[in-house]
1. Within the range 130-161, what residues put their amide N at less than 16 Å from the label point 7 Å along the Cα-to-Cβ vector of residue 201?
2. Quick one: Cα centre-to-centre distance for the range 132-149 and the range 431-447, in angstrom?
3. How much length is gained on full extension from residue 350 to residue 565, taking 0.36 nm per residue of separation minus their Cα-Cα distance?
4. Once the dipole of the chain is set up with Lys and Arg at +1 and Asp and Glu at -1 on Cβ about the Cα centre, which of 391, 363, 538 lies farthest towards its positive end?
5. Residue by residue through the range 282-296, what is 3J(HN,Hα) from phi via Karplus (6.51 cos²θ - 1.76 cosθ + 1.60, θ = phi - 60°)? Round to whole Hz and write x for glycine and proline.
6. Which GluC sites (Glu not before Pro) from the range 2-71 combine a DSSP loop assignment with at most 13 other Cβ atoms within 10 Å?
7. Could you work out [θ]222 nm for the chain from helices alone, using -39500 (n - 2.57) per DSSP H run of at least four and dividing by all its residues? Round to the nearest 500 deg cm²/dmol.
8. Assuming a viscosity of 0.692 mPa s and a temperature of 37 °C, what translational diffusion coefficient in µm² per second does Stokes-Einstein assign to the range 461-606, Rh being the Kirkwood radius over Cα pairs?
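The values are calculated or read from the model by the stated rules, or taken from the named source; none is laboratory data. Note that this is a predicted model, so its numbers are computed, not measured. Glycine also receives a Cβ, built like all others from the backbone with ideal geometry; neighbour counts cover every protein chain displayed. Quick note on the areas: whole protein, heavy atoms, side chains included, nothing else; ligands and nucleic acids left out. Shrake-Rupley method; radii C 1.70, N 1.55, O 1.52, S 1.80 Å.
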Amino acid sequence: MKKCTYCNPLDLEYRYQHMREGKPAAHREGADPTLALFKGTYYLFVSMSAGFWYSDDLLNWSFHAAPDLLIYDYAPDVRQIGDYLYFCASRREKNCPILRTRDPLNEEFEAVSAPFPFWDPDLFQDDDGRVYLYWGCTNTQPIWGVEMDPETMEPIGETIPLIYGRETELGYERPGDNGVTDRESSVVYQHLKRLFNPETNRIEFPAGMENLGGYSAEAMTAMFLSVGKPYIEGAFMTKHGGKYYLQYACPGTQYNTYADGVYVGDGPLGPFTLQRSNPFSSKPGGFITGAGHGSTIQDQYGNWWHASTMRVSVNHDFERRVGLFPAGFDRDGVLFCNQNFADYPHEIPAGKFDTASQMPKWMLLSCGKAVTASSGANPEKAVNENIRDWWSAETNEPGQWLCVDLGTRADVRAIQVNFADEALSPEFPAEEYGSERGDRRIELTPQISRYRLEASLDGEAWTVLENAARECSNGYYEYPDGLRARYIRVTAGALPYGQVMRISGLRVFGNGSGEKCAQAKAKATRLNDLEALVSWDHIPDVQGCNVRYGVAPDKLYMSWLVYGADEVKLTTLIAGQKYYAAVDSFNENGITEGQVFALELSLIHI
């Protein structure tokens, strides 16, 4: 049955990656999404997927295997240029091929050129037919741009630096969870700090030492100065209203503050000015965080959408998923995303809609509810709204189960079953690791998860909702007509690589039957140029609060979803910029909108 709603992270066939660096380990990965509407079909290309997805409505996706399409090259970019869909991806030391096809589902991609090495590419064709390439992914270098010959796909003209990191001015660029930089805690930094001479601004070796571990003083100086700097990467260009919106990702994919910022220019190669409202895509709180390295397109009705990377980053920094968010441009030309309750079910109307007014279709019924399990400790982790921890069964024998008690007979409309991986290390022959360095193996054979999803009114008589047997880590099941249930249970069959069942989120959505909670009485203190502390009086019967903030009372485009606390430190602010905020309280019965108030600028400067 076709879905009417979706829930982030998207329910896609994320492929296992097997790494040989250090101890062999496996994790599921999908990141750096490029979304394209080409000849009436939506295409979604995602790193390390060994293929791509296609859809006619952005809701129901089918996977198309393409194991020969440069699958070990990160950050695939696809763009329509003329009658072709062009493809390129990332290589550090070898020239990157640029390919094209007229029909991605039925024709092979053909090589057009291989101009030079680049990482995180983005091709863009302007209205006049001229073509440009943007790229870059380091914490020491900028985003670059150059014009390309549209026939040969070779560069013409000068390569221009476009965007540099500015982490002392832009709070959202600071590395570290919640914007807390990990520079001082870095072992590398502390080791090199002893060799760094601030007067000469360089590493100086003791007399008689010419290198350290094979690295020169110059190389070590560059390494030292880059620690704690944000990665500036993932460029994507969108043109709207005659302006050029150059988007970029920062500060690092492993952080909850992973985001997309945007600069605006009058030409495709700038100069560019930072948009006041930034980052335009950000999801630092909630069940799954992160919303960086993405793409922004219009759908067939003229609505804007932004697809980007969401993080798990437990087994590996690159353990990631894909998110989809409504986007748009306001009357002042400000690019923004609506990421309020962005990991709740959302409807995609078949027509034009108002991005700013989009709200979750249903509320969360399972948060913090009583949970029981067949075995294993801490089953409550499956309902604590954190994809980064989980309940594990004690054995991989089929029949292990987890059950959430909603506390009352509820109107259930959707269920999301999120599986976790832990301590997976299948052994493969060395020749099966397909990357050029021989350190990575993408699992090309679908790894099927078998499980049963059931509902009950009394915990005795059960109704089977799903008998799942598919490649699935974030299964989303919709029941738009509703079903009455108090208990929701998931029972394991055979799982990939014979692992035990691990659930990071058994999330049940629907319509509560009680009252909304009271409006939040909130206040804020601007701690410094880059941070503010927003707090509110404790609210009875509350699940959490969604803090919306922005550069004007009518531009509260950023949000931070908070559970189990009465405050949050906003760490993504821009120096010298005035902000406004509102704190919306919520429970399973709905959302109570808060009043808008100003975050006054502090006299403290950093």
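1. Of the residues in the range 130-161, 140-141 have backbone N under 16 Å from the label point off residue 201.
2. Computed from Cα coordinates, the inter-centre distance equals 29 Å.
3. Extra length from residue 350 to residue 565 when fully extended: 73.6 nm.
4. Of the listed residues, the answer is 538.
5. In residue order, the calculated couplings are 7, 9, x, x, x, 4, 10, 10, x, 7, x, 6, x, 8, 10 Hz.
6. Working: sites: 13, 21, 29; in loops: 13, 21.
Answer in residue order: 21.
7. On the way: 2 runs with 17 residues, N = 606.
-1000 deg cm²/dmol, from helical runs alone.
8. Numbers: Rh = 18.4 Å.
In µm²/s, the coefficient is 178.
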